Amino acid sequence: MCGICGIVTSDPGTSELEHTVWQMTATLRHRGPDGCGVKICAPPGIPRAVALGHTRLAIIDLSQAGIQPMSNEDGSVWVVFNGEIYNFQELRPELEASGHRFKSHTDTEVIIHLYEELGTAWVTRLNGMFAVGILDLRKGQLILARDHVGIKPLYYSDQPDRFVFGSEIKTILASGLYNLHVNWQAIYDYFTYLYVPCPATAFGGIRQVPPAHQLIVDLSDGSTRLEPYWQVRRLDDVEQAPLEELKVQVRTLLGDSVRRQMVSDVPLGIFLSGGVDSTIVAGLARDADASARTFTVTFEGEDFAAYNEQDSARIVSEFIGTDHHELSVPPPDPMEILNLVTSFDQPFGNPTFYLMHLISKRARGDVTVALSGVGGDELFAGYPRYRAVQLARQADWMPHALLKAGGKPLGLFRDSYRSMRLRRAREFFEGLDDDFVRQFAKWTYFFDEANKRSLLGRHFDGCVTSDRSLRSALERSTLADADNRVLHMDVQTFLVDNLLEYSDKMSMAVGLETRLPLLDHRFVELSLNMPFRYKLRSGRSKILLREAFADFFPSAALKAPKRGFNVPLAQWILRTLDDYFEAGSRSAHPLKDMLGQDIGITWREGIIDFSVVQQLRDQFRQGKRDNSYKLFAVIMFDVWWRTYIDGSLLGDRCL
């Protein structure tokens, strides 16, 4: 795992170009603490110079032979690579048989020779997580590629006479080659999702390479073209296969994925919560390696008593026989969460990222690579919203107006800050809509269109509805089963822009590589084609997984309710984070001495209507509505604005 960056420019000044790319590379040292390198290419006959930068987290072949940027034998092809190629050991003999000669044992060098052999079709042979930049001086092109599912991020800015890319947005900002401006539509969307949907970012002119795409830059004229190389196909044989056959396929393919992802030249462990997904990954890892180590993080403090998973993880570990370790984390400081905005470089309002930060930071002292069970909920219907979809379909014969009226009494009850059941039930009835996507958005996300029109100022007048990203993802799915298309929609949106976003940013902030076996693109395609009735039935989720891997689960674990990976946000808002609003509405407050004098600048400048925020606070403090996520979204936006747009927290520098 590493950090990559680069520049394509028509400015021939190579000394200044080298200085700039080193400056960009410096912003990625947390992603690659084991080394860094830069390559400047300005060959005659090509009107644009190219600079490549790389920071290294050494995982495979720890020798100096693994240093990047790396080239082929004659220096005509250069690569910078972030991620892991899990089938590199299978590809290498094929390439050697075709006459390619290797100087290292890295997966990076396999990429170079595979590209030489297949051209732009190279990426279709890969199994892994990756963000790659390939400079081909013979063809005069730069190719950027992102993995099938979008596990590794890749950003770029395409401007007249210059093209800049990097593993993080801060890298592009550090180049000095980007003229900063706000993407108001992205901010508008953020308040619905608490993330910015791909391929946009919060910065106008900075975009993401979408998952399963290559972006090709022509060095002769600077033109670019974006090309998809993979999509989830409809598999008729899987749709029609009997349950017992599907169990065998799941076990075989996921077992292969785990085995491939356990290859490492540095210490490796498995995150174990005792839930379905992490238990399966841990069990398969134990099958592949009898010495497999599992890790569970336990949180000290009363707030986390309901969230600790050490008991269930311990039971599972003893049952499957792993070398288990419990890592204790002291009581967290909710205010520390605000400092992590610089890991995302854009507004991000899912507070679960703080848990991932704490877990990664603590685990990094023991391992450099960790396997995780991320992805199982989206592939096998683990979230409550999928039950809501089925329930609404069953009740579709009743007029929505009548159903909504029947749910009105729920509004009379006070929300519980420790359970989301009442809120989910109320939102189910309030969100019923003849338009499925709009209905799903109301159930799953936060500020709806009416809420945002009240909250946000005139800057957002031209914005279009935020459900378009969900609608587009749903329309792209060609799967036969309507419910599986909903899962596929979540894989393309919620998984990529939320879970994978914070998994990457928080683990890489401390130099920890997180691998996700359930997101092997082969397994994703297989899972999404399996009949939905084998995933969710009678309110019980992940049926096929539980049955296919029943031997990994002690009886207590199979019957245990699903625990969400969440923080006690409501308590944190009440006890600590609400002070942010107090500080932002007063001329003097102790918090301003800690966090800066311009707290609340977004509502003082009319970007946010503070009277609406005040209504949310009042409802929340009176126990009428749990508005904690909405309030947290406002706080994180204000911190981001102060950090990157107003610039006060970084000394007027956007780095």
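To keep it simple, each residue is scored yes or no on (1) touching a Pro at 6+ places or on another chain (Cβ under 8 Å); (2) buried (at least 18 other Cβ atoms within 10 Å of the Cβ); (3) over 24 Å from residue 259 (Cβ atoms).
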site: 84; (1), (2), (3): no, yes, no
site: 91; (1), (2), (3): no, yes, no
site: 107; (1), (2), (3): no, yes, no
site: 112; (1), (2), (3): no, yes, yes
site: 120; (1), (2), (3): no, no, yes
site: 132; (1), (2), (3): no, yes, no
site: 142; (1), (2), (3): no, yes, yes
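When the residues of the stretch 322-331 are narrowed to those that are in contact with a strand residue (DSSP E or B) (Cβ under 7 Å, 6 or more places away or on another chain) and either of a type in the set (A, V, I, L, M, F, W, C) or assigned to a loop (DSSP other than H, G, I, E, B) (or both), which ends up farthest from residue 595 (Cα to Cα)?
So the first thing to find is which residues in the stretch 322-331 are in contact with a strand residue (DSSP E or B) (Cβ under 7 Å, 6 or more places away or on another chain), and the list is 322-329.
Those left that are additionally either of a type in the set (A, V, I, L, M, F, W, C) or assigned to a loop (DSSP other than H, G, I, E, B) (or both): 322, 327, 329.
Working: 322: 44, 327: 30, 329: 24 Å.
Ranking the qualifying residues of the stretch 322-331, first place goes to 322.
Pairs under 6 Å by beta carbon, first residue closer than 19 Å to residue 120 by Cα and touching a residue at least 12 places away in the same chain (Cβ under 8 Å) in the stretch 64-86, partner in a strand (DSSP E or B) and among the polar types (S, T, N, Q), six or more apart or different chains?
That search, which allows pairs on different chains as well, returns 78/71.
Among 195, 229, 156, which is the only one that is modelled with pLDDT of 95 or more and open to solvent by less than 10 Å² (accessible area, probe 1.4 Å)? Steps first, answer last, please.
On the way: 229 fails: open to solvent by less than 10 Å² (accessible area, probe 1.4 Å); 156 fails: open to solvent by less than 10 Å² (accessible area, probe 1.4 Å).
From the options 195, 229, 156, the qualifying one is 195.
To keep it simple, each residue is scored yes or no on (1) β-branched (Val, Ile, Thr); (2) part of a strand (DSSP E or B); (3) within 25 Å of residue 644 (Cα to Cα); (4) open to solvent by 10 Å² or more (accessible area, probe 1.4 Å).
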residue	(1), (2), (3), (4)
335	no, no, yes, yes
339	no, no, yes, yes
356	no, no, yes, yes
359	yes, no, no, yes
362	no, no, no, yes
365	no, no, no, yes
378	no, no, no, no
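Would you check if residue 644 is touching a Cys at 6+ places or on another chain (Cβ under 7 Å) and not in a loop (DSSP other than H, G, I, E, B)?
It is true that residue 644 is touching a Cys at 6+ places or on another chain (Cβ under 7 Å) and not in a loop (DSSP other than H, G, I, E, B).
On the given criteria, is residue 220 loosely packed, with under 14 Cβ neighbours inside 10 Å, among the polar types (S, T, N, Q) and in contact (Cβ under 8 Å) with a residue 40 or more places away in the chain?
Yes, satisfied.
Residues that are assigned to a loop (DSSP other than H, G, I, E, B) and open to solvent by 30 Å² or more (accessible area, probe 1.4 Å): does the stretch 544-559 have at least one?
Just the residues of the stretch 544-559 that are assigned to a loop (DSSP other than H, G, I, E, B), to begin with: 549, 553-554.
Subsequent filtering for residues that are open to solvent by 30 Å² or more (accessible area, probe 1.4 Å) retains none.
Scanning the stretch 544-559 turns up no residue that is assigned to a loop (DSSP other than H, G, I, E, B) and open to solvent by 30 Å² or more (accessible area, probe 1.4 Å).
Suppose we filter 343, 317 for residues that are outside any strand (DSSP E or B), open to solvent by less than 30 Å² (accessible area, probe 1.4 Å) and closer than 26 Å to residue 186 by Cβ; which single one remains?
343
Does the stretch 11-51 hold any residues that are open to solvent by less than 50 Å² (accessible area, probe 1.4 Å), out of contact with any helix residue (DSSP H, G or I) (no Cβ under 7 Å at 6 or more places or on another chain) and of a type outside the set (Val, Ile, Thr), and which are they? Working first, answer last.
We begin by selecting, within the stretch 11-51, every residue open to solvent by less than 50 Å² (accessible area, probe 1.4 Å); these are 13, 17, 20-21, 24-25, 27-28, 31-32, 35, 37-38, 40-41, 43, 46, 48-51.
In the following step, the residues that additionally are out of contact with any helix residue (DSSP H, G or I) (no Cβ under 7 Å at 6 or more places or on another chain) were identified as 13, 17, 20-21, 25, 32, 35, 37, 41, 43, 46, 48, 50.
Of everything in the stretch 11-51, those that are open to solvent by less than 50 Å² (accessible area, probe 1.4 Å), out of contact with any helix residue (DSSP H, G or I) (no Cβ under 7 Å at 6 or more places or on another chain) and of a type outside the set (Val, Ile, Thr) turn out to be 13, 17, 32, 35, 37, 41, 43, 48.
Can you confirm whether residue 293 is open to solvent by 30 Å² or more (accessible area, probe 1.4 Å) and at pLDDT below 95?
yes
May I ask you to list the residues in the stretch 609-629 that are touching a Lys or Arg at 6+ places or on another chain (Cβ under 9 Å) and either free of Cβ contacts under 8 Å to residues at least 40 places away in the same chain or not hydrophobic (A, V, I, L, M, F, W, C) (or both)?
Scanning the stretch 609-629 gives 610, 616, 618, 619, 622, 623, 624, 625, 626, 627.
Restricting to the stretch 144-202, what's the tally of residues that are assigned to a helix (DSSP H, G or I) and of a type outside the set (Gly, Ala, Ser)? Lay out the reasoning, then the answer.
Our first condition is that a residue be assigned to a helix (DSSP H, G or I); within the stretch 144-202, this holds for 169-174, 184-193.
Now restrict to residues that are of a type outside the set (Gly, Ala, Ser): 169-173, 184-185, 187-193.
Residues that pass the stated criteria total 14.
The values are calculated or read from the model by the stated rules, or taken from the named source; none is laboratory data. Since the model is a prediction, treat every value here as computed from it, not as a measurement. Methodologically, a virtual Cβ is constructed for each residue, glycine included, from the backbone with ideal geometry; neighbour enumeration extends over all protein chains shown. What goes into the accessible areas is simple: the full protein's heavy atoms, side chains included, and nothing from ligands, DNA or RNA. Shrake-Rupley method; radii C 1.70, N 1.55, O 1.52, S 1.80 Å.
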